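One structure is given below, encoded as structure tokens.
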Amino acid sequence: MSKLGENLLKISVILMVLLSLFLSWKIWTKPANHQFQDRTDKVKAVIQKKEMTEVYMPTKLFYHHGSGDHFLYTNKESTMKSLHEKIVSLGFGSSKVLSTAEITNLTTKRDLFNLVYPSPIPISLFINMNNVSATLPHDSKNFLFNWLVMSLDDNKLYFVDYKNKTGIEFDIKGNIASIASILDAESNNYVTAILPTDELNYAGIYYLADSTKLKTYSYIIATQSFTTFSRGFFNQPNDLFSNEGENLSLSNSEGESLTIDSKTGEVNYFGKLKQDHSESINELYYETFQYVEDMGSSLGNLRYFSDTGNEVIYRNYVEGFPVFGDNMKGSMAATVQNKNVFIKANQDTLQIPLPSDDSVTLVPTQEVVDSLINKGVDMSKVSDIQIGYKWQQNKETQQAIDLVPSWYVNYDNMWMTQEKLESILVKGGHS
């Protein structure tokens, strides 16, 4: 497509979205201090709820095939979904707790693949939400894992927390040949990765061996109305009242409240839990997921990303990579405490992709690590390094944003770009 054609396409898409934004503005500029009748029943009819197994999924695949120390890596969603479906359909036999030596040996075995989750989840959650019939070893129901490893040559399945060198092994039976055919498909578009086993990589981070060229994506953004959030979050979404002020503020007689910042679009909700899952050992995941479920696709392709204490963070994924933005753009966080829930999100959501030929070349992971070390980073505080998309304003129009590929570092339990972390250290920050 010619440059002129691309520009005309962009302009036509933007004009359509501007019309949509104008209609939204007409709704938003209604007078304050009046009662809102949220047409919840009508809206619910068109919302397709998410399944928990769609959200709590692995996001990386590493395949150790043939000779050598290298792995084949892809984050192709359809491949991982197919493998995951095959795994949960297998027959699970006897199980045992792995020793540290057995976990270390897994890193060198051949004909093995590893589905990696963005953060550890309980094995009991995996079993329950996938309806797997499996008997855990004694006192293992609270075991957390982020590696789901399968050996093709001895019919073993391993749930592993590599950082803590703990794991559980299952004997399995089923159609293993069909799994191998998924792994060997040419459409997986593998790139080369390695798994350093030195003391600097205690968290078990797979390194991309070569430079990676990734596209920069541009999206028209949609500004979700307050009804989207009142429907998805409130226990009582009808008979809401607004309060005067620069920012939209809604509340009801049940003590639920929601505010939307007029400048940043950040959404904050507080209320009682819709459903209390306190009888479940995995209550935090079920209690926060119900709000992701009720939002459907309104906030994009949300996936489980991490949890800390009583908070779970869900992020948008685009082309297999997580999205990072200021003021909760591209993400949602839910905190549960004393049967109350506090949710943070953003009105702005990804809607229509725009044509773009721009790309970014990212250096191999080892170069990122070397740069961090040279800047004085304490690598014991680095629990993950991965590629993410940085949400930033498009220079041509306020109605569009760019997603720029960047290296992200989880340093001292905080995610930031490599450049930001290094600039903090240069300015005198502590490592």
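Of all residues in the stretch 141-167, those satisfying the criterion of being over 25 Å from the mean Cα position of the chain (by Cα) and not charged (D, E, K, R) are SER151, LEU152, ASN155.
Pairing each residue of the stretch 196-212 that is touching a residue at least 12 places away in the same chain (Cβ under 8 Å) with any residue that is of a type in the set (Phe, Trp, Tyr) and assigned to a loop (DSSP other than H, G, I, E, B), provided the two are 6+ apart or on different chains, yields C-beta distances under 7 Å for GLY204/TYR162. Of all residues in the stretch 192-224, how many are out of contact with any helix residue (DSSP H, G or I) (no Cβ under 7 Å at 6 or more places or on another chain) and under 30 Å from ASN394 (Cβ atoms)? Final tally of qualifying residues: 13.
Let's see how each residue does on (1) buried (at least 18 other Cβ atoms within 10 Å of the Cβ); (2) not β-branched (Val, Ile, Thr):
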residue	(1), (2)
TYR317	yes, yes
ASN338	no, yes
VAL341	yes, no
ASN346	yes, yes
SER356	no, yes
GLU367	no, yes
ILE385	yes, no
TYR389	yes, yes
GLN393	no, yes
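For every residue, the table says whether it meets (1) of a type outside the set (Phe, Trp, Tyr); (2) over 21 Å from THR308 (Cβ atoms).
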{"site": "GLU367", "(1), (2)": "yes, yes"}
{"site": "LYS381", "(1), (2)": "yes, no"}
{"site": "ASP384", "(1), (2)": "yes, no"}
{"site": "TRP391", "(1), (2)": "no, yes"}
{"site": "GLN398", "(1), (2)": "yes, yes"}
{"site": "VAL404", "(1), (2)": "yes, yes"}
{"site": "TRP407", "(1), (2)": "no, yes"}
{"site": "GLU419", "(1), (2)": "yes, yes"}
{"site": "SER423", "(1), (2)": "yes, yes"}
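Note on the stretch 92-130: residues that are more than 25 Å from ALA177 (Cα to Cα) and either among the small types (Gly, Ala, Ser) or surrounded by fewer than 15 Cβ atoms within 10 Å (Cβ to Cβ) (or both) total 6. In summary, VAL368 fulfils each of the numbered conditions (1) under 23 Å from the mean Cα position of the chain (by Cα); (2) at pLDDT below 95; (3) over 30 Å from PHE233 (Cβ atoms) with the single exception of condition (2).
The values are calculated or read from the model by the stated rules, or taken from the named source; none is laboratory data. Computed from a prediction, not measured in an experiment: that's the story for all the values here. All Cβ positions, even for glycine, are placed from backbone atoms using ideal geometry, and neighbour counts span all protein chains on display.
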